[in-house]
Every structure is written in structure tokens, then in C-alpha cells.
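A.B. asks: Structure in C-alpha cells, see below.
The values are calculated or read from the model by the stated rules, or taken from the named source; none is laboratory data. Just so it is clear, the model here is predicted, and its values are computed rather than measured. Counting neighbours? That spans all protein chains shown, and the Cβs are built from the backbone with ideal geometry, glycine included. Ligands, DNA and RNA are excluded from the accessible area calculation, which covers all protein heavy atoms including side chains. Shrake-Rupley method; radii C 1.70, N 1.55, O 1.52, S 1.80 Å.
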Amino acid sequence: MALSFCGNDRGINAYSVEEGVFNNGCFVDALNLVPHVFLLFITFPILFIGWGSQSSKVQIHHNTWLHFPGHNLRWILTFSLLFVHVCEFAEGIVSNKMMDTNHLHLYMPAFMGFVAATTSVVYYHNIETSNFPKLLLVLFIYWVLAFITKSIKLWKYAEYKVGPQHLRFCITALLVVLYGLLMAVEVNVIRVRKYVFFANPQKVKPPEDLQDLGVRFLQPFVNLLSKATYWWMNPLIMGAHKRPIELKKIGKLPIAMRALTNYLRLKDAYEYQRTAEDPDRAPSIWRSMYTAFGQPILLSSTFRYLADLLGFAGPLCISGIVRYLKVDEEVASTDKETYFGVHFMSSSKLLQNTSVLAVLLFLALILQRTFLQASYYVTIETGINLRGALLAMIYNKILRLSTSNMSMGEMTLGQINNLVAIETNQLMWFLFLCPNLWAMPVQIVMGVILLYYLLGCSALVGASVIVLLAPIQYLIATKLAETQKSSLEHSTDRLKKTTEILKGIKLLKLYAWENIFCDSVEETRGKELTSLKTFAFYTSMSIFMNAAIPIAAVLATFVTHHFINKTGPSPSEAFAALALFHILVTPLFLLSTVVRFAVKALVSVQKLGEFLQSDEIGDDSWRNGEVSVSFEAGKKHLGTTKAINRKQPMRYQMDNYEQPSRRQARPSETEDVAVKVCNGFFTWGSNLSTLSDINIRIPTGQLTMIVGQVGCGKSSLLLAMLGEMQTIEGRVCWSKLPECDVVHEGNISKNRYSVAYATQKSWLLNATVEDNITFGSPFSKQRYKAVIDACSLQPDIDLLPFGDQTEIGERGINLSGGQRQRICVARALYQNTNIVFLDDPFSALDIHLSDHLMQEGILKFLQDDKRTVVLVTHKLQYLIHADWIIAMKDGTVLREGTLKDIQTHDVELYDHWKTLMNRQDQELEKDIQQDSQTTLERKTLRRAFYSREAKNQTDDEDEEEEEEEEDDDNMSTTTNRRSKIPWRMCWRYLSSGGYLMFFLMVSSKLLKHSVIVAVDYWLALWTSSKTNNSALNGTGVAAGIDGSLSGSAGAEAEADSYYLPVFIILCASGIILCLFTSLSVEFLGLSAATTLHHNLLNKIIHAPIRFFDITPLGQILNRFSADTNIIDQHIPPTLESLTRSSLLCLSAIGVISSITPAFLVALIPLGVAFYFIQKYFRVASKDLQDLDDSTQLPLLCHFSETAEGLTTIRAFRHEARFKQRMLELTDTNNTAYLFLSAANRWLEVRTDYLGAVIVLMAAGASIWSLRFGLLSGGLVGLGLTYALTVTNYLNWVVRNLADLEVQMSAVKKVNSFLGTECENYEGCMDASQVPENWPQDGEIKIQDLCVRYDAMLKPVLKHVNACIKPGQKVGICGRTGSGKSSLSLAFFNMVDIFDGKIVIDGIDICKLPLHTLRSRLSIILQDPVLFSGSIRFNLDPERTCTDDRLWEALEIAQLKNMVKALPGGLDAVVTEGGENFSVGQRQLFCLARAFVRKSSILIMDEATASIDMATENILQKVVMTAFADRTVVTIAHRVHTILTADLVIVMKRGNILEYDKPETLLEQEDGVFASFVKADM
């Protein structure tokens, strides 16, 4: 059959033009080819040469940057055009089949049109990226020509009475409309850009985001296709394989999404509600959120509605396909309508063609998924914008909070942290879910209507099952929230206990108490597990409901249908209904979640509103306050030091003012006042004034000291001058800046300038030491050096691992109080401000440092700069340095003047000071005798780091992997490493749950899915049996659609009675299995969590002490907090979801393949595509998730540290800098989060499209198989329904895989700790062989002892020999690091004794079981450790002693009276770490603890280091009397404590240097001991 353009049917001359050219149909079609060919001829050369790209005027790094007007509309129209061309082509092919010979003109123009349309969009995209609009003229001409030729065709059709009842007429009409619209779009571009026909074309700049090369988030700038499929993400996600995604890679946020932009939008909306007539009315946050972010939410909701409506196309198409499969054949040759000598297909036939339906189903799915993802993306972007705006709003408010608010407890730090961490996220999540609120009801109503249309009344029964079970879902959801709360309480409790154990681990081991404490943690863990059990139960119920509801609904529906209509449904109805039920379950399941979030959002908004309405600082100086200081002020009133009992006559205060300054002043200096307070009354928010009647002045450039007893309002006075307190009356005047110093011009009007202020409670930023000191000022090396020397920080900095670049602060290294305080003072000194306020900078420093700071820092450094200094202090010996003194008492000023004035005018006060000074001087002498506190602090620091560095070499846990990757740069290994799924860890986790549980879970899962498949398969058989019966009766299915088939009613009833019971049994067993599996997974997870935590706790508590030296505490705690939490609560649901979705997909693919084996061929490329998508995505997702987590922490920390350091920030006037920092941190976190959600969209779009292809393939395969009569309609319906479910679950498989991979790292970390060696608790002797009262005498023989901390390290004691007789008092001394403490640990076998032995009362201690050995000796450690609980518990956790024995011990330790006075006596509460007792009292408790255990050997390890002289004397006495008959080994660091000992051992570098009675050693003038004693005197 020859191919000719017009066909050569017999008897028709296709080429005759007798009736006029246009009346020949073939000629009109040929005319239609012209524009397409024209376009292809012109554009191909241009595209190939690509010269457009070189002529771009603005070089830009993205080729995505500029959109011509009407960009999106053009893309949408072009896609519609392509679709219509495809229809035209298909219609041409079908009509051609009806003819005798081939008529090319029926489909050739359509094909060319398709190619031309594709070319047009590619061409347009290239022009757009190269910004060369002149070339668009070609397209304009094309649209015009195409429009004209198509219009001619339409006009001819109308003339020949071809109307809408014919498909080709409809298609042509549609094409005319589309070409017309595209022409209009093109005209619009000309109008706006004026690139042709106008004299001056418009110059266009790219958006400013893209001129800034940092923006990598291109979603707003790419073209529509790339926007819908996230194509622009490809390089990022593929690249993650080769090297991890870092912050640099994700760049900055586009301007429209930055926190600042959104903050301004929200703030304007918020402030706009404040009306003139009612300025105090609280603006509604809801309304302002709607005004600022309403539009995108509406857009998202529109997308959502479109997606939901398209979602219903699935079931309808399935119903159509199943219904018309058999009909196709019969309608083949019924009617022929010909015009122009060619056949025209009727429009109504279109939707009865199964192939058309299959393609429509595919397109509907693709569109539905695209719209759905677009809707998600828009809400997420809006949510992120909202969160940024809210954070900025909260932050600005924090900076303006009034101090009294913070101190009166209306706003605690915790509340602020919750606002930031919880409430803003709640609102963000609410935004994510809120389109669901109005989309879901519509979806449900539509679903029910369609069901009714398909199945009549019986459908309503099924729907009502679903609707009635929804409230139960909601109930379960609320219950879940409750149990989560209670398990959270228990886990905080458990963490507190664990922290205590880890902090006091050394003591626990030395006293052999590990197991008691371990049990108490296990007990709390037990409670936690009980609530986790409830949690697991409710979770599994909720999963069960979700899985069982559709089965129940289907069961109810079909059983009812059977009883009402006396027959089962037809396949087309049955499977459409099945698909509809699946669609309906999701919104109902989600609805409970959404409602819960809506309720939470209401609460959050209320909290936010209250916070934004709370008091602000007065506007006169625009400042407000800070927590720590006000707390101090509150505490001070409780202080009960000796009061200076003097009422001052009024006259003196007057005199004070008349007194001229004693200094010989320059003439100008007389009124040289920096700050002046006149008649001031100040308060902390209550109406009682804290400070009253204040009249003071602070002379410029001089040193003013404020003194007075504790709690008399010194700190408050500073804060009042800074404007932090509320003024009742009076005013604070700040002098204007001297002209030469006008640095901060803007601030003069504010009537004071920046003040360098060091608070009493030191406040550090989470930053390096250097950043903490420079605090945003420019760095000057010389000045920095001077400040560090003045504060004697150099030795401390040298100890830090990275010098002054070490991170300190909350998350950084923990410094001691003195070190923190010195850094704060250094910050105040370094700032280049005229005025410096120092609030008691000496409180945490020892004498040497205080003197150095006073001399070098305050007198030299500050005074040389002529800076005005105000110093609050208790150290009266420094008063002689003061130029001006303000003495305070009970919130008023007692005296003001120079020291001379006070000496002459107020002798009593002066004398009082004199006596106090003497007392302080005596303390000074004592202080010099001992090793100063600072060296101690440095020592602790050194110990921390020595061990930390050793740790860094061995185990940088998570870094290991990354480092290895850096080493080998051949990419293949890296790629494999990063994309492997941690199967070993998964197995480790599952086997921890117990093999039985694992077996149960696997078998029940498999059974459940087989039963569910069986249910559907049975339904297919049942419904198909109908069709077959009816086919026998020769009535077409089309005729018997209403289900009332006559004829074979009897046979059917019989069949039903056979099919129905089986169906009911299968459904019921399916429901029961659902319950069983959901329970088994959750409880498998629970038992795994139980096992893992139990093993972890036991391993760690029994680990050797060395382990705790080299492993940072934070790292161990993380295993118990974050990782345990993930194992407890996150892995089980992820695992459940993963197994469920994988099995669903597998069973679906299995079903389809078994029905239509042809499908397997298509499966191979799909499988490959899926494999690569998930592989790339998992790696990228993990990186992005890490980035999101790591950027969130600094943000939260920044908020909490701002709230803590408010006064300091405001005194320094650094608000703007901190705001800037907050915006940067928020933006960084938002970028990471945005990329993470965009990556999720990337994945979902791709898996959804794969799913759509699967549906298309399944439909195609079944239609094709049916042509050959291989299957029944019911099975086709089954296959398609299953194919539809795949689309929903494919992306879940990948998402869950990625999540599980991240969560398995928690198992991995816990597992890495499970490998630690335990101490050898057994020993070679049995505990029963040790005498009951061993060691009786307390004789110790040390023979050739060698000790090391670890097999890798050098020995710390080398061949030590000594013999201690029973009852001797032995002193051991030596410099730091000489091995004194190691010796004390060796007695307890805490260190590795690798040579020699220690024999106590004839038994070698290495042979004893550890528990026996340690429980028979006592030790008092250097730092006192108390545990939270009662005093009784602290003295005797084993509960073995009588009360009398405990009281006796307390009496010996001089604590009896104090404990008696406490409420509850022995059962009085000890807070965490014993914070409610002073350090001295804690040390005495430790002494009592050692005494309670009546052992004949007591070891004191530098036990007097942290005690004042008085307590130390008590200790010494006790040791001499109470322990008279016991062997006492004292490790001393103040030598005079061991002068009375019977034997002194002097050690150096792990060897014994001198060994004799103290008297003998003192006689050797040049001996080491003698020199120690000399230095100490």
C-alpha cells in the first residue's frame, strides 16, 4: 500500500481542486504544515550555532536568571499545546485505520506540530538565558502563521457542518485558542521589553540575588519545568557522592527568604494593627501572620485542591479501563462518518477507548504529583520564612526586655528557650500542615460522593466505618502526646542520675558503690520503659488503625452490597471502590495529627503574644536588664554580715557635697563629672524602692570605688546608672562626650555612651577566647597582649589545646570560675570606652591574682588611658588607691568622698574599715602559705586536656570516616563508603531485640501482606466470576453495568455463597494480623532499646578509670541522652514504616508481574532508575540533615546567651551586632532546612514519576494481554489498583531508608562504647576466702611497685618500695605530677600495676576481687563529691549502718549541729552536686563518709586543698583523734599539714626521693623536704 500524502482511495482524486483550493481537505492540512516547517528551518541553525549565548550583555554565573514577561504562562500553554498535538496525532492514526489506504495528511501535520512546539520551547529557553529578545521575533511570526492556518481549517469544518460531536473539530478549536493565546503572550513581551518596533529597548538587570554569587538556592529563578521537577538540584545531589555537602556549597538565602525581609513584613503587619485610638490593644498575631504570609498559603491551597481533584482520576480511570476492555473489539466497525473523503471519529468514543484512558491516567498522576509537591514546597518555604520572621521578632523583644521582668520570674530563661526552640517550630509545622485543614474535608466529601455514585448505599456504610473510627485515631494521638510527656520526665530524671554517676565515677569506684548507683538508674529506666511501653502500644494501635480501616471498610461495603443487591459488585466498581478507600484513609489518618497541631499552634500563639506584650525597658535610655545581676541583687538582701550600725546625720551628706576634691585639680576639673545621679529612687519592678535617695557623682578619668556589706545595693547602683532599673523619681545624667572623643556620634542623643561593664557573675560567649575578649572591637595585638598580661591569662591560655583560638562557653571548654571572671574583666579592659564599670572583679580570684589585676590592670592600664573607672569591691585594702569612695548601706549612700575626707569626718567608719583591713591582711598571709587556688584551677585544666589530647589521637569517633575519605582520593571507594547502607548495625539492632521477637516480626509481616494480597485477589476472582457469567448470557458488560444482571441469578447466588464467607474470613484474619505486626515491631524495638541501654550502662560503669580520663564527659552523656532517645523512640516507627512500604511495593510489583508477565520487561530500567535515585538521595539527605542539625545548635545557644548577657550587651551598646549575628545564624539554619526539604521534593517528584510510569506500563501490559484474551477484567482491576498504591509508597521507601541510615548511626555510636574493656572484677581469690575483718591491722608493704595508666603509656611510678606499720600516720609530698595521686589509686587497684605488688595485711591486693578490696578501704578525695538525695544516702548508700553510727560520724566531722538544724535531719535534701552546702561543708561530709566505713586504712588525697584554714584545723584534729588507731596516708599539698606525721615520703617523677621521720628530714638542710617547708613558712 503506497504511502501518499493525500491517500489514493479508489474513485477519488485526492488532488483535484475543482471546488476551490480551500475546499480540498488535504490542501488545508498541507497548508498547516507550512508554519511548522518554517520554524524548524529558521531555529535549528540558530540553536546549533548557539551564537545567541556569546552576545549576552550581562555575564552571570547562572543560566537561569532572567524571565521574560509571561514566562510561566508560556510554559503552561506550550505544554497544553504538546498534549493537544499528541491527541491530534492519535486521532489521525485511528481515523487513518478506518480508511482503505494510508492518508499521511491525517497525522503528519500533527506530528510536525509536536516537533515544532518542542523546538519552540527549547529555543525560547535558550534565548531567555542568553537575554537576546530580538530573536523572539521568529516565534512571534510562527504563532501568527499557525493561528491563521488553523483558523482556516476550523472555518472550513464549520462550513461543512462538522461540529463538536466530532473529535477533530474539538481538537482544532483548542489549537486555535492556544495559538491565539501564545500570540498574545508574545505581543506582551514586545510591549514590555520594547525590543523591536521601539526606539529605546528596555535594559534589564538580573535580580540582585543572582548578581551576588553566594546564592545557590535557585528555585525562585529557574524556569517552570525545572521548578516543577527540581532539576536544578541535580548537580548538588549527584555531587554529594564525591564530596560531602558543606555550608559553602549551599550558599546564601535569596533576599526574599532572608529573616530580615520576612521580619520586616511581619512587623509591619503587626504594628499596623496598633490603631491611634487604642494604642495599648494587643495586635493579633494570627492576623499579622495572615497579612504577611497569606498569599503563598492560598497559592499552596489551590495547588492542593487541584492535586486532590486529580487524585480521584485514578479510581475513575481504573473503573473505565476495566469496564471498556471487552467493548473495544465490538465497536470496531459500526459507523463511518466521512467528510472531505476522510473518516471523522466521534467525540463520545474518546473516553471509551482503554488506551486513551491509560494515557489519561498516567497524565493525571503526573500532574497530581507535580501539584502536590508544589503545594508542599510552597508551604514549607512559607513556614521557613515565618519561622525566620518570628525568631527575629522574639530576638528584638529579648533585647528590649526589662530586667525586672527577668528577675521577678515573669520570664525565665527556660521560657525564652522554649519560645525559640519549640513554639516557633510548632507554628512552622502548623503552616506546613494547614492546607490540609481545608483540603481534607473536601477530599473526604468528594470521595464519599464518588463511592455513592459507584456502589450506591452500601458505599455509605463503608465510609461511615472510616469516619466513625477517625475520633478513635484522634484519641490515640492525644494519648500518644501524653505518654511522650511522661516518658520525657523519666528520661530527664534518668539523665540526671547518669550525669551524677559519671561526674562522681572515681568516688563510686573507690568506694565500690557502682552497682548501687547502677541499680538506681536501672530503676528509673524501668519507669521510663513502662511509659515507653504505653507509648509503643499506642503507636502500634495507631499504625494498626491505619492499616486495618481500609480492610474493614471494604469488608463492610461489599457485605452490605451483597445483602442489599443480592449480588457482589462488578470488577470495575469493586476496584474503583478499593482505590477510593485507599485515598480516603490518608486524610482521615492525617486529620488527627493536623487537629493536634492546630491546637498546639493556638497555645504557641498565645504564649508568643504574652511574650511580645511583656514590659520593655524605659525609653529614656532605651535599655533593659539581665538575669544574673538582678538575681545577685535579690540574694544580697539575705546576707548577714556584721552591719555597720551607724545612722548618719543628714548634715554629713550635705558636707560631702561641699568638700572640694582633695586632688590638686586642673581648673576645668571641678565640675568634671562623668555620671551624676540626682535624688534617685530606683526599683526592680515592685513599688518598693531598692535604692533610695541616691545623690552621687562619678568623677571623670578617676578611680571610684563603691564599698559596703553584702546586699547593700552596690551592683544595683551600677545597673541604675546603666538605666537597667526602673526609676521612681530622680534622674541619671551622663556628661556629653568630650569633643575629641566623638566616636559614637549617634549615641549622644541617647544621653550616654557605651560602657565597658564586667558583671559579677561572669558571662561568656560561645566563641574563642580571643573573640570573648575583643568582643567585636578591632583587634590590636599590642593592646590585646597588655590586657592579657594585666589579667594574668597567659598561663591559662597556654594550657588550652588551641591557645586563645579555643572555643569556650556553654558548648566549649569548661573553665573554672576564676578563669571565666578574668576573661570578663579582660573584655572590659580591652574595649575602647571612656567609662569602665567593674562589679566585684576579685570575687573569684585568689590574692596574688587580685593584686596583679589591681596593680597592672586597673591602676596602670586603665588609669594611664585616663578612663573613668567605677569599681565595686569587698577588698578594703585597695581603698588607698581610690580617688573617690562611695560607701553604701541598705540601699542608700552612707558616705561619699576621698579616703582623707572619710578619715577626718567619719572616724568610726574609718576605724571599722581599719579592723576589717587587718583581718583581710591576716588572711592574705595565710593565703600565701598555701598553693594558690589558681594553680589548682590550672592543674584541673591541665588534667582535663592532657587526657583530652590523648583521646583526640585515639578516638575522634565520627571524624574517623571522613578523614579516611580525604586520604584516598580515588573517588570510587569514597562513593561506596558513603552510599552503603549500614546493614551490620541494622542486624546488631535487630538481634539486640532478641531472636524470637525478630522471627515473630518477620513472619507476621510476611503473613499480613500475603493475606492482604489474598483479600484483593479473592475480590478479583469473585467479581470476575460475575462478568464471565454475564458474558455467557450474551449480554455485553456495557448493558449490565447496573449490577442487576438477569438470567444467571441462580448461578450467581450460588457463587456468592461460596465467595462471601471466604472473603469475610480473609478480611478478619487480615485485620488481626495487622494488629499483631504493628505490636511486634514496636515491642521488638522496645526490647532492643532495653538491651542496648542495659549493656551500655553496665559497660560504662564498670570501665576502668582511664576510660573516663580520655573520653569527654559530654560524649558519654550524648550516648545516654540523644542516642538512647533515638533508639527508644525513633527507630521503631521508621523501621515499621520502612518494612511496610517496602513490602507493599514488592507485593504490588509481584501481583502486577504475575498478572501480566510482560510488565517484567519494563521493570528492569525502572529498577535501575530507582536504584540510582535512592543511592544519590540518601547520601545528600544525610549531609543536609547533618547541616541542619549542626546549624540549629548555635542559633539556640545564641538566643540563650543573649538572654543571659542582656545587661552586658546593653551596657556595651552592642545590640546591633548581636542582631546581625542572629540574622546570620537564622539564615544559615534556614538555608540548610530549605535545601533539605527541596531535596525531599526532588526525591518525591522522581519516585512519583516512576510510579506513574509503572501505572502506565501495568495498564499497557494488561490492555495488550487482554487483546490476546489472556485475562479477566477483575485481575486487570487488581493489577491497576496495586500499581496505584506503588506511587504512594515508593518515596516512603527511600525516605525511610535515609532516615534509618541516620538513626542507625546512634546504634553505631552506642555499639562503639559496648566494645570497651571492663575492669577485672573477679580477681584470683574467691570473696569467701578473704577474712571477714580484713584488713585488721592496716599494715602496708609496697614492693618494687611499677604503675602505668595504660599499656600504651609510660609508667608513672617506677620501682617504689615502702613499708607502713599498722597505725602509722604517713605524709606523702612532692610537686605536681610527681606520682602522689597515682600511688593513692594504686592502693585501690585502679591503675595498671604491671610489676611489683602491694601487700596489705599479708594479702596481695591484685589477687582480691575488686569489690572486696575497695569496700574495705576508705579514701577522701581532693574534690568533694555529693550526690542528690538525702544526707543519709550520701553517707551510707548501702543502708547498712544505724542512725547512731551516722550521727557519731557527723559529730566527728563537726557537722552534727548543722545537720540537726536542717529540716528532716539525716533525711534532709542534698541538691545536685551538693550545691546547697559550701565547699568546706561538702569536704567535711566526705570525711564523715570515710568515717562511717570503719576501715583500718584511710587515704587522704589532698583533701584539704579546697578548705579554709578553720575547717582544715578541724580535719587535722579529727584525723589525730578519731583515726588514732588507723593507718592514715595523707597526700599533702600544704607541707605544714604533715609536719606531725610519723613518716614522710617525698616523691619526684614516680620515684621515692626521701623517706624518713619529718624531724630527721628537716635536719638535712639541703634536703628537698626541708626546702618545701621553707618555701611554705
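A.B. asks: Kindly evaluate residue 1090 against the criterion of being surrounded by 18 or more Cβ atoms within 10 Å (Cβ to Cβ), closer than 30 Å to residue 1392 by Cβ and not hydrophobic (A, V, I, L, M, F, W, C). Quick ask: steps written out before the conclusion?
C.D. replies: Numbers: surrounded by 18 or more Cβ atoms within 10 Å (Cβ to Cβ): yes; closer than 30 Å to residue 1392 by Cβ: no; not hydrophobic (A, V, I, L, M, F, W, C): yes.
For residue 1090, the condition - surrounded by 18 or more Cβ atoms within 10 Å (Cβ to Cβ), closer than 30 Å to residue 1392 by Cβ and not hydrophobic (A, V, I, L, M, F, W, C) - is not met.
A.B. asks: Out of the residues in the range 905-926 that are open to solvent by less than 90 Å² (accessible area, probe 1.4 Å) and among the polar types (S, T, N, Q), state the one that is modelled with the lowest pLDDT.
C.D. replies: The selected residue is 920.
A.B. asks: Moving on to the next point. Would you say residue 1096 is modelled with pLDDT of 90 or more and within 20 Å of residue 1299 (Cα to Cα)?
C.D. replies: Taking the combined requirement at face value, the residue does not satisfy it.
A.B. asks: Have a look at 1409, 1366 and point out the one that is in contact with a Ser or Thr (Cβ under 9 Å, 6 or more places away or on another chain) and in contact (Cβ under 8 Å) with a residue 24 or more places away in the chain.
C.D. replies: Sole residue among the options that is in contact with a Ser or Thr (Cβ under 9 Å, 6 or more places away or on another chain) and in contact (Cβ under 8 Å) with a residue 24 or more places away in the chain: 1366.
Here is a yes/no grid of residues against (1) modelled with pLDDT of 75 or more; (2) within 30 Å of residue 256 (Cα to Cα); (3) of a type in the set (Gly, Ala, Ser); (4) assigned to a strand (DSSP E or B):
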residue: 355; (1), (2), (3), (4): yes, no, yes, no
residue: 363; (1), (2), (3), (4): yes, no, no, no
residue: 370; (1), (2), (3), (4): yes, yes, no, no
residue: 380; (1), (2), (3), (4): yes, yes, no, no
residue: 392; (1), (2), (3), (4): yes, yes, yes, no
residue: 396; (1), (2), (3), (4): yes, yes, no, no
residue: 409; (1), (2), (3), (4): no, no, yes, no
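A.B. asks: Being surrounded by fewer than 22 Cβ atoms within 10 Å (Cβ to Cβ) and hydrophobic (A, V, I, L, M, F, W, C) is the filter here, so list the residues in the range 1172-1194 that pass it.
C.D. replies: If the condition is that a residue be surrounded by fewer than 22 Cβ atoms within 10 Å (Cβ to Cβ) and hydrophobic (A, V, I, L, M, F, W, C), then 1172, 1173, 1193 are the ones that fit.
A.B. asks: Still on this structure: Give the residues of the range 1108-1138 that are open to solvent by 30 Å² or more (accessible area, probe 1.4 Å) and closer than 22 Å to residue 1010 by Cα, sorted by residue number.
C.D. replies: 1133
A.B. asks: Give me the helices (runs of 4 or more DSSP H) completely within the range 1412-1506, filtered to those with at least 2 residues that are over 28 Å from residue 1321 (Cβ atoms), ordered by residue number.
C.D. replies: Numbers: elements: 1431-1435, 1443-1452, 1456-1461, 1479-1492.
Hits in the range 1412-1506: 1443-1452, 1456-1461, 1479-1492.
A.B. asks: With at pLDDT below 80 and within 29 Å of residue 1114 (Cα to Cα) as the only criterion, which of 765, 793, 799 stands out? Write out each step before concluding.
C.D. replies: Working: 765 fails: at pLDDT below 80; 793 fails: at pLDDT below 80.
One residue alone meets the criteria, 799.
A.B. asks: Taking interchain pairs and intrachain pairs at least six residues apart, which have beta carbon atoms under 7 angstrom, with the first residue in the range 1545-1566 and closer than 16 Å to residue 1535 by Cα and the second β-branched (Val, Ile, Thr) and exposed (fewer than 15 other Cβ atoms within 10 Å of the Cβ)?
C.D. replies: Taking only residues 6 or more apart or on different chains, not a single pair turns up.
A.B. asks: Given the residues 1162, 1148, 1158, which is the only one that is open to solvent by less than 10 Å² (accessible area, probe 1.4 Å) and of a type in the set (Gly, Ala, Ser)? Let's see the steps before the verdict.
C.D. replies: Working: 1162 fails: open to solvent by less than 10 Å² (accessible area, probe 1.4 Å); 1158 fails: open to solvent by less than 10 Å² (accessible area, probe 1.4 Å).
None of the others qualify; the one that does is 1148.
A.B. asks: Here is a follow-up. Restrict the check to the range 92-105 and report whether at least one residue is assigned to a helix (DSSP H, G or I), touching a helix residue (DSSP H, G or I) at 6+ places or on another chain (Cβ under 7 Å), within 29 Å of residue 233 (Cβ to Cβ) and open to solvent by 10 Å² or more (accessible area, probe 1.4 Å).
C.D. replies: no
A.B. asks: Give the residue, chosen from 319, 333, 300, that is in a helix (DSSP H, G or I), hydroxyl-bearing (Ser, Thr, Tyr) and at pLDDT below 90.
C.D. replies: Going through 319, 333, 300 in turn, the sole match is 319.
A.B. asks: Then there's this: Which condition does residue 1506 not pass, out of (1) open to solvent by 10 Å² or more (accessible area, probe 1.4 Å); (2) modelled with pLDDT under 80; (3) in contact with a strand residue (DSSP E or B) (Cβ under 6 Å, 6 or more places away or on another chain), if it passes all the others?
C.D. replies: Among (1) open to solvent by 10 Å² or more (accessible area, probe 1.4 Å); (2) modelled with pLDDT under 80; (3) in contact with a strand residue (DSSP E or B) (Cβ under 6 Å, 6 or more places away or on another chain), residue 1506 violates only (3).
A.B. asks: Among the residues of the range 1055-1078, what is the count of those that are farther than 25 Å from residue 537 by Cα, open to solvent by 50 Å² or more (accessible area, probe 1.4 Å) and within 48 Å of the chain's Cα centre (by Cα)?
C.D. replies: The qualifying residues number 2.
A.B. asks: Name the residues in the range 1535-1563 that are in contact with an Asp or Glu (Cβ under 8 Å, 6 or more places away or on another chain), surrounded by fewer than 17 Cβ atoms within 10 Å (Cβ to Cβ) and more than 20 Å from residue 1362 (Cα to Cα), would you?
C.D. replies: The one that is in contact with an Asp or Glu (Cβ under 8 Å, 6 or more places away or on another chain), surrounded by fewer than 17 Cβ atoms within 10 Å (Cβ to Cβ) and more than 20 Å from residue 1362 (Cα to Cα): 1536.
A.B. asks: Looking only at residues that are open to solvent by 60 Å² or more (accessible area, probe 1.4 Å) and aliphatic (A, V, I, L, M) in the range 443-487, which one is modelled with the lowest pLDDT?
C.D. replies: 467
A.B. asks: Restricting to the range 152-192, give me the number of residues that are crowded, with 18+ Cβ neighbours inside 10 Å and among the polar types (S, T, N, Q).
C.D. replies: 1
A.B. asks: Which one of the conditions (1) within 30 Å of residue 1208 (Cα to Cα); (2) modelled with pLDDT of 85 or more; (3) more than 28 Å from the chain's Cα centre (by Cα) does residue 623 fail to meet, given that it meets all the rest?
C.D. replies: (2)
A.B. asks: Can you tell which of 1245, 1286 is touching a Gly at 6+ places or on another chain (Cβ under 8 Å) and either open to solvent by less than 10 Å² (accessible area, probe 1.4 Å) or under 28 Å from residue 373 (Cβ atoms) (or both)?
C.D. replies: 1286
A.B. asks: Looking at the range 487-545, which of its residues are of a type in the set (A, V, I, L, M) and within 25 Å of the chain's Cα centre (by Cα)? Let's see the steps before the verdict.
C.D. replies: First, the residues of the range 487-545 that are of a type in the set (A, V, I, L, M): 488, 495, 501-502, 505, 507-508, 510, 512, 516, 521, 529, 532, 536, 541, 543, 545.
Selection gives 488, 495, 529, 532, 536.
A.B. asks: Consider residue 1103 carefully, then state whether it is assigned to a helix (DSSP H, G or I) and either free of Cβ contacts under 8 Å to residues at least 40 places away in the same chain or not β-branched (Val, Ile, Thr) (or both). First the steps, then the outcome.
C.D. replies: Values: assigned to a helix (DSSP H, G or I): no; either free of Cβ contacts under 8 Å to residues at least 40 places away in the same chain or not β-branched (Val, Ile, Thr) (or both): yes.
It is false that residue 1103 is assigned to a helix (DSSP H, G or I) and either free of Cβ contacts under 8 Å to residues at least 40 places away in the same chain or not β-branched (Val, Ile, Thr) (or both).
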